[in-house]
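Enquirer: Could you have a look at this structure, given as structure tokens, before my questions?
Just so it is clear, none of the values below were taken in a lab; they were calculated from the coordinates. Quantities reported herein were computed from a predicted structural model and do not represent experimental measurements. Methodologically, a virtual Cβ is constructed for each residue, glycine included, from the backbone with ideal geometry; neighbour enumeration extends over all protein chains shown.
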Amino acid sequence: MSANAEKVTDRKDPEVRIGVFVCHCGSNIAGYLNCEELTAYAGTLPGVVYTKNNLYTCSEAGIAEIQQAIKDKDLTRVVVASCSPRTHMPLFKSACAQAGLNAYLFEMVNIRDQCSWVHMQEREEAMAKARDLIRMGVAKAAFLEPQQDIESSLVRRAMVIGGGVAGLSSAEALAGMGVEVVLVEKENALGGLLKDLHRLAPGNDLASERIGALIERVQASPNVQIFLESKVVDAGGYIGNYDLVIQDRDGQTHPFTVGCVVVATGAVPWQPDGLFGYNGKTVITQYELEGLLENEAFRAKNMVMIQCAGARSPERTYCSRICCLTAVKNALFVKERSPDTHVHVLYRDIQMYGTENERLLWESRGKGVRYDVYDATRPPVVKEGMVEFYQPLTGEVVEIPCDLVVLSTPLVARPEAPALAQLFRIPADQNNFFLEAHAKLRPLDFATDGIFLAGSARYPATTAEARAQGLGAASRAGTVLFKDKLVSSALVADINPNTCVGCQGCLGVCPYGAITYVWEERICRVNTILCKGCGNCASTCPSQSARLKGFTPRQLLSQIRAVVA
């Protein structure tokens, strides 16, 4: 350890007065652990002057008891042994702050997820582990230090990348809030995939009218600046102050500072070159059929639609979700326009999300559309004027005459998605669709603060879903842009400039680009706004100059000593 690095010691503030609150969490904890015994045990630990067990510590009554104890018992630290810090720590920290205790003098112990839930059949061992966890939490709490939240300014401007229905919806909503919006579209026209579609399910609305009205509203807004045939070529900064550079169709660059970014780049239909004899004439895709249906004169005598063409395969294992709805919608429209046309749909599974879409399926059956299951291990074979498929229910090979084969192909991520992911440091899955921060808790957020996600850039989405996600992303951005200032957690890394030797080892392990090397001083420095407190730098620094607040060596070693005691 460097001579100037933090000295690890067992000494703590002699005035430490710790209160411990053990939560029953209904039967989630109390059904498997003896909470009264744990509460009594907590009272024997060094520094603990008050203990209490609650049925639900997160309830209004439980919060009030914590706040009252802080005042009546003059508590300088609070420990709550209950559920997940991920969901409830902000509530408890806020309660402590309202009672006059620095929020960072609070520690939470997870005896539900990490103990009662995973050791339901091991009651005695679970109790021993719960005692260990509480003892570790109290030991760390004794060495907690007061911190101050980090405040920063912001620019009330947003950038929306993508001019499809999701991007246009976000731009329209943000502009309606009075936010200045910069809309960037790669193509030479707004509208995305909708500008090339015929009708939309389940209402059978004309796609051109739906997207056209949205485009007109966005173009008419004085708060929206539109860049067509343009792309983002450089990105830096952080939430509230993202520094972005747009390159337009003429190669000129335009720098902007924005507070938030909405990524709504969409997806593209997969081209099935060589699959099922695809030739773009007698064997086409559903996307190409949409264009043909706009021609009133278009007719086909026998039409066969093959589902999952290129999807749910080793190359693309996912279900594209919208293919079945598209096929049913187009089949129904063909039958309504030309009742004599024979339409036969060959499918593996039919996925019609929602009751309205399910109604379309039964309506199409009533109109005479034929549906048959095919075996994925023996896919249909397209021959001249005929499609041959193995029917698993009867074990027979069936021949269907046809003059047009329509392949339902999946939506795939745009080719530029990986480059965009690298530019903004946002994650993507193995199929290059962007990954949200949490599928249920934060479905429109990236893990990177201030960047939001909408539409088929996330996963294939219907028009209604893309519209809803676009509006949702705008609302999420609004929660940032309408603040007077940004406040973030103080539990971030810092680097001691007196002991840093400038080895730059921390730069390579920081996933958020929060550390820079200052050439003039030959040291590394942390941008606390970008830092997310992962601790990679602190665990890597050979001189122990990098330190993670709230997880200092003294605090962590106190927990280790407590658990091995």
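Enquirer: Go ahead and run the numbers for FRET between Val397 and Leu441, Cβ-Cβ distance against an R0 of 41 Å, rounding to 0.05.
Expert: For R0 = 41 Å, the calculated efficiency reads 0.25.
Enquirer: Separate question: For a quick check: sort Thr377, Thr326, Thr39 by the number of other beta carbons within 10 angstrom, fewest at the front.
Expert: Exposure proxy ranking, most exposed first: Thr377, Thr39, Thr326.
Enquirer: Find which of Leu411, Ile70, Met159 sits farthest along the positive direction of the dipole of the chain, computed with +1 on the beta-carbon of Lys and Arg, -1 on that of Asp and Glu, about the Cα centre.
Expert: Of the candidates, Ile70 comes out farthest on the positive side.
Enquirer: Something else now. Along the range 165-172, what does the Karplus equation 6.51 cos²θ - 1.76 cosθ + 1.60 (θ = phi - 60°) give for ³J(HN,Hα), rounded to whole Hz, x for Gly and Pro?
Expert: Karplus values, whole Hz, x for Gly and Pro: 5, 5, x, 5, 5, 5, 4, 4.
Enquirer: By average Cβ neighbour count within 10 Å, what is the ranking of 533-542, 43-52 from highest down?
Expert: Final packing ranking: 533-542, 43-52.
Enquirer: Next up: Quote the charge dipole size of the chain about the Cα centre in Debye, to the nearest 20; the model charges only the Cβ of Lys and Arg (+1) and of Asp and Glu (-1).
Expert: In total the dipole reaches around 1120 debye.
Enquirer: Something else now. Over 20 Å between C-alpha atoms is what I'm after, so list which of Lys93/Lys549; Lys195/Lys440; Lys140/Lys549; Lys281/Lys383; Lys195/Lys329 land there.
Expert: On the way: Lys93/Lys549 16 Å; Lys195/Lys440 31 Å; Lys140/Lys549 13 Å; Lys281/Lys383 14 Å; Lys195/Lys329 17 Å.
Over 20 Å Cα-Cα: Lys195/Lys440.
Enquirer: Would you mind calculating the gained length between Gln351 and Tyr56 on full extension (0.36 nm times residue separation, minus the Cα-Cα distance), in nm to one decimal?
Expert: 102.1 nm
Enquirer: Which log10 I(q)/I(0) values, to two decimals, does the range 461-565 give at q = 0.10, 0.14, 0.18, 0.19 Å⁻¹ under the Debye formula with one point per Cα?
Expert: Results for the range 461-565 at q = 0.10, 0.14, 0.18, 0.19 Å⁻¹ read -0.45, -0.70, -0.87, -0.92.
Enquirer: Can you return the lysines within cross-link range of Lys483? Criterion is Cα-Cα under 20 Å, with same-chain partners fewer than 8 residues away left out.
Expert: none
Enquirer: Output the peptides 461-467, 555-561, 523-529 sorted from most to least packed, where packing is the average of other Cβ atoms within 10 Å over each peptide's residues.
Expert: Going by the mean number of other Cβ atoms within 10 Å, highest first, we get 461-467, 523-529, 555-561.
Enquirer: Just need the Rg to Rh number for the range 38-99, please, alpha carbons only, Kirkwood Rh.
Expert: 0.93
Enquirer: In nm, to one decimal, how far is the modelled label at Gln252 from the one at Phe482, with both set 7 Å along Cα→Cβ?
Expert: With each label point 7 Å from Cα toward Cβ, the separation is 3.5 nm.
Enquirer: While we're here: Quick one: if you stick a label point 7 Å off each Cα along the C-beta vector at Arg425 and Trp519, how many nm between them?
Expert: Going by the 7 Å Cα→Cβ label model, 2.1 nm.
Enquirer: Normalised by the number of residues in the chain, what is the relative contact order in percent for Cα pairs under 8 Å and 6+ residues apart?
Expert: On the way: 1158 pairs, mean separation 84.3, N = 565.
Here the relative contact order equals 15 percent.
Enquirer: Compute from the Cα atoms of the range 16-68 the Rg and the Dmax, the latter being the longest Cα-Cα distance, and quote both in angstrom.
Expert: Both quantities, over Cα of the range 16-68: 11.1, 32 Å.
Enquirer: Ok, one more. Largest first and in whole Å, what are the equivalent-ellipsoid semi-axes of the range 263-360 based on the Cα gyration tensor, each being the root of 5 times an eigenvalue?
Expert: Numbers: eigenvalues 98, 62, 39 Å².
After scaling each eigenvalue by five and taking roots: 22, 18, 14 Å.
Enquirer: Could you tell me the extents of the chain's C-alpha atoms along the three principal axes, largest first, rounded to whole Å?
Expert: 90, 61, 41
Enquirer: Sticking with this structure for a sec: Which of the listed residues, Trp362, Phe298, Tyr374, is farthest toward the dipole's positive end in the range 271-409, when Lys, Arg count +1 and Asp, Glu count -1 at the beta-carbon?
Expert: Trp362
Enquirer: What's the Cα-based Rg to Rh of the range 227-287, Rh via Kirkwood?
Expert: 1.26
Enquirer: Using the scaling law 2.2 N^0.38 Å as the reference, what is the normalised Cα Rg of the range 122-183?
Expert: After normalising by residue count via 2.2 N^0.38 Å, the value is 2.35.
Enquirer: Please figure out what share of the DSSP beta bridges in the chain is antiparallel and state it in percent, rounded to the nearest 5.
Expert: So the antiparallel bridges in the chain amount to around 45 percent.
Enquirer: Now for a separate question. What aspartates and glutamates sit close enough to Lys231 to cross-link, taking a C-alpha to C-alpha distance under 13 Å and skipping anything fewer than 8 places away on the same chain?
Expert: Glu185, Glu187, Asp248, Asp250, Glu416
Enquirer: Given the Cα atoms of the range 464-510, and with Rh set as the inverse mean 1/r over their pairs in the Kirkwood sense, what is Rg to Rh to two decimals?
Expert: Dividing the radius of gyration by the Kirkwood radius yields 1.29.
Enquirer: FRET efficiency for Ala376 and Ile150, Cβ-Cβ distance as r, R0 = 51 Å, nearest 0.05?
Expert: The pair Ala376/Ile150 has a calculated efficiency of 0.45.
Enquirer: A follow-up question, please. Restricting things to Cα coordinates, could you compute the convex hull volume per residue of the range 13-148 in Å³?
Expert: Convex hull of Cα atoms, per residue: 89 Å³.
Enquirer: I need to check one value: relative contact order of the range 13-148, counting alpha carbon pairs closer than 8 Å and at least 6 residues apart, in percent.
Expert: Relative contact order, the range 13-148: 30 percent.
Enquirer: Turning to a different aspect of this structure: Ordered by packing density, taken as the mean number of other Cβ atoms within 10 Å over each peptide's residues, highest first, how do 485-494, 109-118, 241-250, 262-271 rank?
Expert: 262-271, 109-118, 485-494, 241-250
Enquirer: May I ask you to sort Ile63, Ile150 by Cβ crowding, counting other Cβ atoms within 10 Å and putting the fewest first?
Expert: Ile150, Ile63
Enquirer: According to a simple spin-label model (label point 7 Å from Cα along Cα-to-Cβ), what is the distance in nm between Phe298 and Thr540?
Expert: Using points 7 Å along Cα→Cβ, the separation is 5.4 nm.
Enquirer: Still on this structure: Need the list of lysines near Lys335 for cross-linking: C-alpha distance under 20 angstrom, and skip anything on the same chain fewer than eight residues off.
Expert: List returned: Lys301, Lys367.
Enquirer: Please figure out what share of the DSSP beta bridges in the range 136-252 is antiparallel and state it in percent, rounded to the nearest 5.
Expert: Counting DSSP beta bridges with both partners in the range 136-252, the antiparallel share is about 50 percent.
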